[in-house]
Amino acid sequence: GIQVEQSPPDLILQEGANSTLRCNFSDSVNNLQWFHQNPWGQLINLFYIPSGTKQNGRLSATTVATERYSLLYISSSQTTDSGVYFCAVAGNYGQNFVFGPGTRLSVLP
Amino acid sequence: DTEVTQTPKHLVMGMTNKKSLKCEQHMGHRAMYWYKQKAKKPPELMFVYSYEKLSINESVPSRFSPECPNSSLLNLHLHALQPEDSALYLCASSQAYGTSGGYEQYFGPGTRLTVT
């Protein structure tokens with residue numbers, strides 16, 4: 001099945017800093033989503049982005065499908081950005097949604 | 001409205017109990033999913049329902065029994081669970097499920113299950 005890697009595994013930032021999270025995947029995908037899991041366990045949809053670039057406020061994402069990676073940019077980070085960021089993909093040849101291991105982000109005041 | 005609701009939020013059950021988790025969506029989605037998430041791990045797919053029929057069972061033990069009574073509701077019946085089944089159980093839905101394209105999934109807040 002499709003493999004998903006995320007880096008870095010852990011990230012500690014001061015409030016106001018910028019960061020880039022990376023997701024690599026091993027095969028062609030027709031679905032790629034970025035989620036933020038808050039401390040209560042809720043998975044919040046950030047982006048549905050199987051290809052291209054999207055922006056939503058301080059967050060933006062880019063997926064380069066031909067090179068099999070996606071990037072999530074967080075600018076001017078806030079303490080409420082803390083939590084785990086997951087990338088999840090579904091491959092072209094199998095529809096099951098596979099999550100990466102996540103990046104645990106801590107934003108310090 | 002992109003909301004998926006789950007009840008209960010928390011559940012504690014003994015190994016001989018029978019309980020059920022409930023999931024509901026009113027987005028008109030025809031695919032619904034159950035995921036299991038252990039602490040500090042990513043969610044893992046358990047079951048997929050498409051048009052109220054079970055499409056995928058990821059080799060889940062029979063002590064977990066899913067049910068899709070209608071297109072808006074998804075239940076997970078639990079019986080004779082083990083302590084290692086303690087986890088966060090997440091429900092999701094999407095417009096459809098199939099090989100023709102990828103569909104954005106929306107997740108509920110989860111049920112935190114503890115088996116004693």
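The values are calculated or read from the model by the stated rules, or taken from the named source; none is laboratory data. Values in this document were obtained by computation on a predicted structure and should not be read as measured data. Reconstructed Cβ throughout: ideal geometry from the backbone, glycine too, with neighbour counts over all protein chains shown.
Listed by first and then second residue, the pairs with beta-carbon distance under 9 Å, at least 6 apart or on different chains, first residue in segment B:51-71 and touching a residue at least 24 places away in the same chain (Cβ under 8 Å), second of a type in the set (Gly, Ala, Ser) and surrounded by fewer than 11 Cβ atoms within 10 Å (Cβ to Cβ), are B:71/B:28. When you go through (1) farther than 27 Å from residue A:4 by Cα; (2) within 14 Å of another protein chain (Cβ to nearest Cβ); (3) hydrophobic (A, V, I, L, M, F, W, C); (4) outside any strand (DSSP E or B) one by one for residue B:15, which number turns out not to apply? Among (1) farther than 27 Å from residue A:4 by Cα; (2) within 14 Å of another protein chain (Cβ to nearest Cβ); (3) hydrophobic (A, V, I, L, M, F, W, C); (4) outside any strand (DSSP E or B), the lone unmet condition for residue B:15 is (2). Quick one: is residue B:37 within 9 Å of chain A (Cβ to nearest Cβ), surrounded by fewer than 21 Cβ atoms within 10 Å (Cβ to Cβ) and under 25 Å from residue A:87 (Cα atoms)? Yes: the conditions hold for residue B:37. Go through segment B:89-105 and give me each residue that's surrounded by fewer than 22 Cβ atoms within 10 Å (Cβ to Cβ) and in contact (Cβ under 8 Å) with a residue 24 or more places away in the chain. Correct list: B:95, B:96, B:98, B:103.
Among the residues of segment B:86-116 satisfying the criterion of being part of a strand (DSSP E or B), over 15 Å from residue B:32 (Cβ atoms) and out of contact with any His (no Cβ under 6 Å at 6 or more places or on another chain), which is nearest to the other protein chains (Cβ to nearest Cβ)? Full working, then the answer.
Quick first cut of segment B:86-116, residues part of a strand (DSSP E or B) only: B:87-94, B:106-107, B:111-115.
Checking which are over 15 Å from residue B:32 (Cβ atoms) leaves us with B:87-88, B:112-115.
Of the ones still in play, those that are also out of contact with any His (no Cβ under 6 Å at 6 or more places or on another chain) are B:87-88, B:113-115.
Values: B:87: 10, B:88: 5, B:113: 12, B:114: 13, B:115: 17 Å.
Looking at the filtered set, the residue picked out is B:88.
Working only within segment B:9-37, note down all residues that are in contact with a helix residue (DSSP H, G or I) (Cβ under 9 Å, 6 or more places away or on another chain) and over 20 Å from residue A:33 (Cα atoms). Break it down stepwise before answering.
Let us first name the residues in segment B:9-37 that are in contact with a helix residue (DSSP H, G or I) (Cβ under 9 Å, 6 or more places away or on another chain), namely B:15, B:36.
The answer is B:15, and nothing else.
Number of residues in segment A:30-62 that are within 7 Å of chain B (Cβ to nearest Cβ), part of a strand (DSSP E or B) and crowded, with 19+ Cβ neighbours inside 10 Å equals 3.
On the basis of being under 22 Å from residue B:107 (Cβ atoms), modelled with pLDDT of 95 or more and in a loop (DSSP other than H, G, I, E, B), does residue A:101 make the cut? Here the answer is yes, as residue A:101 does meet what is asked.
Inspect all residues belonging to segment B:65-84 and state whether any of them is within 13 Å of another protein chain (Cβ to nearest Cβ) and among the small types (Gly, Ala, Ser).
To start, the set of residues in segment B:65-84 that are within 13 Å of another protein chain (Cβ to nearest Cβ) comprises none.
Within segment B:65-84, not a single residue is within 13 Å of another protein chain (Cβ to nearest Cβ) and among the small types (Gly, Ala, Ser).
Candidates in segment B:18-34 are the residues that are crowded, with 19+ Cβ neighbours inside 10 Å, more than 11 Å from every other protein chain (Cβ to nearest Cβ) and assigned to a strand (DSSP E or B); of these, the one that is nearest to the chain's Cα centre (by Cα) is B:34. Scan segment B:40-61 for residues that are over 18 Å from residue A:3 (Cα atoms), within 11 Å of chain A (Cβ to nearest Cβ) and of a type in the set (Lys, Arg) and the total you get is 1. Quickly run through segment A:72-95 and pick out the residues that are touching a Lys or Arg at 6+ places or on another chain (Cβ under 9 Å), of a type outside the set (Ser, Thr, Tyr) and over 13 Å from residue A:4 (Cα atoms). Once the filter is applied, which keeps residues that are touching a Lys or Arg at 6+ places or on another chain (Cβ under 9 Å), of a type outside the set (Ser, Thr, Tyr) and over 13 Å from residue A:4 (Cα atoms), segment A:72-95 yields A:72, A:74, A:78, A:81, A:83, A:84.
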